[in-house]
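Take a look at the structure below.
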Amino acid sequence: MLRAAARSTRTFRTQPAALRTTRTFTASCSRLTESFALNSLDTFTEEEEILRESVKRFANEVVGPKVREMDERESMDPGIIKGLFEQGLMGIETGVDHGGAESSFTSAIIAIEELAKVDPSVSVMCDVHNTLVNTVLRQHGTKEQQDQWLPQLSQSKLGSFCLSEAASGSDAFALQTRAEKDGDHWVVNGSKMWITNSYEAEIFLIFANVDPSKGYKGITCFIATKDMGIKIAKKEEKLGIRASSTCTLNFDDLRIPAENVIGGEGKGYKIAIEILNEGRIGIAAQMLGLAQGAFDKAVPYTYQRSQFGQPVGTFQGMAFQLAQASVEIESARLLTYNAARRKEEGKSFTKEAAMAKYWASIIAQRVSGQAIEWAGGVGFTRETGIEKFWRDSKIGAIYEGTSNIQLQTIAKFIQKQYS
Ligand code: CAA
């Protein structure tokens, strides 16, 4: 569906970005509006609207019926992974020449958001694959590397991004995994922890230090396949996003061909953090979708259930909570879309991405927690899936940079501006 949408709108991609963002208004708005792109933040292109509808349908019809079972079994249904590839959702920004949809970054954000409304586990799988793995290759891979890896990543093979280690989470650049040159190969030793997608993934981006004497400037990014000898050591049992795999990986003399270095030796730290800046908008979208999903599930029930002779949602105490939560979701939505559009328009977006992720994860936790209370006893049971949203929300403040790391990033910008 996405690929069809991409094809039918291909002509727009040849236009300048400023025109592209305003094309929905061309028939009805003045020249002035067109040239200055005075759009609300929730204005989407036709292609993005089509995408939202198709992901929504896929999420409700294909993912929805499997959410509870996947959560209980703590495993991702292989049919869902296959479905994501078939829907064209695993190469959203990847060029059509490489089997992707060649769509906008905002399209990826929309897909992540819509999937999260139904299952944040499926959402993060799609998010990491698109915004981290594919993006590293699109931005830093050579033509040969892109030709080799992007078609596989668009069509059938799940990707994983391996940065964190037991002793280097927030302090990511202190990683201990080492790579040493041996002829036309690199030999990698070490281990990674809390690696998303790693149980099902076949393609791995691995960050290892090739020259510790240079500190973080020795960190290098390698691409490897599971069959080179990556060992999946332990699958974590988690509070939330239980269908999304999170494993420890071991590399014991893992031999990676020399041509599998991405972006050059010593460039890995910059690649990692710059991609994470974008990835954080993806996590903001996941948390936004999660908050909306919890809201959508719980609120109708508050109008169906009556106590003291009236629907509980109509008591002022409850009605104001619903109103407050809806303002909070909207605030997270605007921060997220703004960060995404800034990135697309080539503006600086690091601070805005950190703000979006920080805020959306707070809102997700708050709204999903309240949603349990709005639904009362029913919300506390596993049957409705409302409590699952709250469990899933907790990771938002942890992965792709904790909330404190986001605050630190924002604070650095404030200091730079005012000191
Ligand atoms: N954007 C671009 N560059 C940045 C940056 C940012 N946000 N933050 C730091 N840098 C650069 C600096 O410019 C500097 O580069 P140069 O030496 O070339 O000038 C370099 O990084 C070091 O800067 P600092 O000394 O300020 O950085 P630090 O060592 O104190 O910490 C950091 C840097 C590790 C990036 C830290 O700020 C951070 O973001 N930690 C969180 C790590 C993280 O997000 N991990 C996620 C793991 S992957 C994951 O979670 C995926 C998943 O499962 C879903």
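The values are calculated or read from the model by the stated rules, or taken from the named source; none is laboratory data. Treat the numbers as computed from the prediction; the structure is a model and nothing was measured. Cβ coordinates were reconstructed from backbone atoms using ideal geometry, including for glycine residues, and neighbour counts include every protein chain displayed.
Some points to look at:
- Among residues of the range 232-245 that are in contact (Cβ under 8 Å) with a residue 12 or more places away in the chain, those with a beta-carbon under 8 Å from a residue that is assigned to a loop (DSSP other than H, G, I, E, B) and among the small types (G, A, S) at least six positions away or on a different chain give the pairs I232/S198; K235/S245; A243/S75; S245/S75; S245/S198.
- Residue selected from the range 19-68 under the condition β-branched (V, I, T) and modelled with pLDDT under 60, by the criterion nearest to I112 (Cα to Cα): T21
- Screening Y399 against (1) in contact with a strand residue (DSSP E or B) (Cβ under 9 Å, 6 or more places away or on another chain); (2) part of a helix (DSSP H, G or I) leaves a single unmet condition, (2).
A quick yes/no check of all residues on (1) within 16 Å of the ligand (Cβ to nearest atom); (2) crowded, with 16+ Cβ neighbours inside 10 Å; (3) within 24 Å of F105 (Cβ to Cβ):
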{"residue": "Q321", "(1), (2), (3)": "no, yes, no"}
{"residue": "E328", "(1), (2), (3)": "no, yes, no"}
{"residue": "S368", "(1), (2), (3)": "no, yes, no"}
{"residue": "E373", "(1), (2), (3)": "no, no, no"}
{"residue": "T381", "(1), (2), (3)": "no, no, no"}
{"residue": "A397", "(1), (2), (3)": "yes, yes, yes"}
{"residue": "N404", "(1), (2), (3)": "yes, no, no"}
{"residue": "K412", "(1), (2), (3)": "yes, no, yes"}
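- Selected residue (criterion: farthest from the ligand (Cβ to nearest atom)) from residues of the range 351-366 that are aliphatic (A, V, I, L, M) and in contact (Cβ under 8 Å) with a residue 60 or more places away in the chain: I363
- Going through (1) assigned by TED's automatic domain parsing to the domain that holds I92; (2) more than 16 Å from the ligand (Cβ to nearest atom); (3) surrounded by fewer than 20 Cβ atoms within 10 Å (Cβ to Cβ) one by one, Q139 falls short only on (2).
- Test for D127: is it free of Cβ contacts under 8 Å to residues at least 12 places away in the same chain and within 16 Å of the ligand (Cβ to nearest atom): no
- Single match in S198, S191 (criterion: crowded, with 21+ Cβ neighbours inside 10 Å, of a type in the set (G, A, S) and not in a helix (DSSP H, G or I)): S198
- Evaluated against (1) among the hydrophobic types (A, V, I, L, M, F, W, C); (2) in a helix (DSSP H, G or I); (3) farther than 30 Å from E344 by Cα, F85 falls short on exactly one condition, (3).
- Within this structure, D71 fails the test of being within 16 Å of the ligand (Cβ to nearest atom), modelled with pLDDT of 95 or more and either aliphatic (A, V, I, L, M) or closer than 28 Å to T248 by Cα (or both).
- Remark: T106 matches the filter, which requires a residue to be polar (S, T, N, Q) and under 12 Å from the mean Cα position of the chain (by Cα).
- Members of the range 141-167 found to be under 19 Å from the mean Cα position of the chain (by Cα) and not hydrophobic (A, V, I, L, M, F, W, C), listed by number: S154, Q155, S156, K157, G159, S160, S164
- Restricting attention to the range 72-82 and to residues that are under 19 Å from the mean Cα position of the chain (by Cα) and either assigned to a helix (DSSP H, G or I) or not assigned by TED's automatic domain parsing to the domain that holds G100 (or both), the residue that is farthest from S121 (Cα to Cα) turns out to be K82.
- Residue selected from the range 88-136 under the condition hydroxyl-bearing (S, T, Y) and not in a loop (DSSP other than H, G, I, E, B), by the criterion surrounded by the fewest Cβ atoms within 10 Å (Cβ to Cβ): T135
- Near pairs, Cβ below 9 angstrom, 6+ apart or cross-chain, from the range 150-172 (assigned to a helix (DSSP H, G or I)) to any residue that is within 8 Å of the ligand (Cβ to nearest atom): A172/L163; A172/S164; A172/Y216; A172/Y269; A172/A272; A172/I273; A172/L276; A172/G401
- Qualifying positions in the range 174-201 - more than 17 Å from I398 (Cα to Cα) and either of a type in the set (S, T, N, Q) or within 13 Å of the ligand (Cβ to nearest atom) (or both): A174, L175, Q176, T177, N189, S191, S198, Y199, A201
- Filtered residues of the range 311-365 (kept if among the hydroxyl-bearing types (S, T, Y) and under 17 Å from the mean Cα position of the chain (by Cα)): T336, Y337, T350, Y358, S361
- Search result, residues across the range 136-163 that are of a type in the set (G, A, S) and touching a Ser or Thr at 6+ places or on another chain (Cβ under 9 Å): S154, S160
- Filtered residues of the range 383-395 (kept if away from the ligand (no atom under 13 Å from the Cβ) and either of a type in the set (A, V, I, L, M, F, W, C) or not in a helix (DSSP H, G or I) (or both)): E383, T384, G385, I386, F389, W390
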